[in-house]
Ligand code: PMP
């Protein structure tokens, strides 16, 4: 592992065209990586290279362009298999992102098994994408979604989660890293608890893959999902990893081209997984870009990224502690460099709007986590979310900008 020292970070930053743009006349400080990350030139080139050099549809053309496109596109499945350390590329379903992946599990895996009185257990810190699909299928079946509590620090209460697992629990949905708080959840412990009771677990890895080494084989979860655009890849890309026996038992969710074996008006038969779940023309350019994004991360090393981000995280916490009126929402001991905060007496949207005038991009709002906002009794927070390419200098710019915002609003 080559450490990410300042000079290497600066060299890597230079590969992200957008990081050198200006906003309102100021150098951009991009602190909204949990929302979507910036893309390196190699990813942008991979996307445009496909359209420039081998634009053809995948899986259905035998001509040269079609086979070149298919090879590049299927390269994404290989890259994701490596990224997650999945046992086999056949266990990777390419989806438009986390949202589609969770809906696929909800409608194809869980809905057919769900009966009245059943329960789906999630945590109180889930993104709406890991709540609402379960509610939709629960409503149809007369089942319900229940939430495992968290403490004030924003940490999952593991004992309480264990106590909520009942003979009616049909699935546990848990985020690996909270998009709103940065909390890293003890997903291995959750999987062990669930396994002991025969309950399948879906892990939402959207905010984990950009920061941590993920190993689904070691984790032994049933499902792992993530979205590509937070991992320096294009929007409209993502994946579902699933245990082989689950995929084999799952009926199709979307019907159409490429997911069939035979079709007649008396009925159709379906392709094996993962193609059974990949109807229609996919986001070919996007996945070619995602394959490149994963190669980019591999070229740096996820452990080097994690180490660099620990330095940034600690530097951020140190600086935030010195800002008057700054209230950090969530103080988990195990955390990614994602920080929600409120400034006393100022609405989060005003903070984010005024920071934008200083060139600093942060997100404000409920972060698709209404229940979490209700837990903390705030309508919204502002959120700083860092990537390895952010710098200590940018943290200083942020703090100075925040002081100016506070002075303006006083
Ligand atoms: N889960 C988490 C934890 C997220 O942060 C996000 C994106 N904010 C999602 C799910 C949804 O991802 P997408 O919109 O790319 O499907």
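Summary table below
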quantity: For the chain, the fraction of alpha-carbon pairs in successive 10 Å shells from zero, as %; calculated: 5, 22, 30, 25, 14, 4, 0, 0
quantity: Protection proxy ranking, peptides 382-391, 3-12, average beta carbon neighbours within 10 Å, highest first; calculated: 382-391, 3-12
quantity: Residues 235, 95, 353 arranged by fewest to most Cβ contacts within 10 Å; calculated: 353, 235, 95
quantity: Spin-label pair residue 89/residue 42, simplified geometry with 7 Å Cα→Cβ offset, distance in nm; calculated: 1.9
quantity: At R0 = 60 Å, FRET efficiency that the Cβ-Cβ distance of residue 67 and residue 324 yields, to 0.05; calculated: 0.45
quantity: Which of 339, 296 has the fewest Cβ neighbours within 10 Å, and the rest in rising order; calculated: 296, 339
quantity: Least to most buried among 195, 230 (fewest other Cβ within 10 Å first); calculated: 195, 230
quantity: Rounded FRET efficiency, nearest 0.05, which uses the C-beta distance separating residue 370 from residue 409 and R0 of 22 Å; calculated: 0.25
quantity: Cβ-Cβ FRET estimate between residue 235 and residue 26, R0 fixed at 30 Å, reported to 0.05; calculated: 0.70
quantity: Distance from the range 140-172 to the range 286-300 (C-alpha centre basis), Å; calculated: 35
quantity: Beta bridges by DSSP in the range 45-298, antiparallel share as percent, to the nearest 5; calculated: 50
quantity: Protection-proxy order for peptides 285-291, 20-26, 181-187, 45-51, each taking the mean of Cβ atoms within 10 Å per residue, highest first; calculated: 285-291, 181-187, 45-51, 20-26
quantity: Value of [θ]222 nm, deg cm²/dmol, for the chain, DSSP H segments ≥ 4, -39500 (n - 2.57) each, nearest 500; calculated: -12000 deg cm²/dmol
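Taken together, the values in this text are just the output of simple stated rules run on the coordinates, not laboratory data. Given the structure is predicted, the values throughout are model-derived calculations rather than measurements. Please note: Cβ atoms are built from the backbone with ideal geometry, for glycine as well, and neighbour counts cover all protein chains shown.
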